[in-house]
Amino acid sequence: MLLTLIYPLLLLGGAVLAAQSSINGRLGSTVGVLASAWLTFSMGAVVTFLLVFFFEPHHEATLFSVPKWQLTGALFGVIYMLAIVFAIPRVGTAAATVAVISGQMLMSLMIDHFGWLGNTRLPLDSSRMIAIALLAAALCLIYASNARRERLVAHHA
């Protein structure tokens, strides 16, 4: 039962992430990239604090006792946020999202293949190589579409 809910939850997470990226991109072009990222993380911290305070069960480990390398995920979140807020107004939500997904796919395949960061080793097979090729094709097609649109706009100006 739980397994059948995971993929719809992940699809919802992806949809919300694309909407958040678009919203943050607009906010970043209005108030600035850093101010947009700061607001996003501040609001996220408040909401997360409330969720942890009211709903998180007790765990043996704490933020102070886990290996310090596990806390780098927060830094990576900042890098993602700054990149997406900067990119969305310039290339659009679709191109930025597919580029991000491409980066996620490549890194996740390497993590799986080599078993990095304590994860189960899942070797790179032909199906995964085809997925990389299809994602690369999607990125190229979206880039070509954006370039064609820019040429048309420049031609009519």
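Listed here are the residues, each with its yes/no results for (1) assigned to a loop (DSSP other than H, G, I, E, B); (2) under 27 Å from Asn24 (Cα atoms).
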| residue | (1), (2) |
| --- | --- |
| Asp112 | no, no |
| Arg121 | yes, no |
| Ala138 | no, yes |
| Ser145 | no, yes |
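Filtering Ser36, Ser42 for residues that are surrounded by 14 or more Cβ atoms within 10 Å (Cβ to Cβ) and within 24 Å of Thr93 (Cα to Cα) leaves a single hit, Ser36. Going by the conditions given, is Ser21 assigned to a helix (DSSP H, G or I) and either touching a Cys at 6+ places or on another chain (Cβ under 6 Å) or open to solvent by 40 Å² or more (accessible area, probe 1.4 Å) (or both)? In short, no.
Whenever a residue of region 92-121 is open to solvent by 60 Å² or more (accessible area, probe 1.4 Å), its partners that are of a type in the set (Phe, Trp, Tyr), lying with C-beta atoms within less than 8 angstrom and at least six residues away or across chains, give the pairs Met110/Trp116; Arg121/Phe114. Annotation note: Cβ proximity below 9 Å between a residue of region 65-91 that is among the polar types (S, T, N, Q) and a residue that is assigned to a helix (DSSP H, G or I) (sequence gap 6+ or interchain) occurs for Gln70/Leu117. When residues in region 113-126 are screened for being charged (D, E, K, R) and over 22 Å from Ala137 (Cα atoms), 1 of them pass.
The values are calculated or read from the model by the stated rules, or taken from the named source; none is laboratory data. Small disclaimer: the values here were computed from a predicted structure and weren't measured. Reconstructed Cβ throughout: ideal geometry from the backbone, glycine too, with neighbour counts over all protein chains shown. The accessibility values were calculated without ligands, DNA or RNA, using every heavy atom of the protein model including side chains. Shrake-Rupley method; radii C 1.70, N 1.55, O 1.52, S 1.80 Å.
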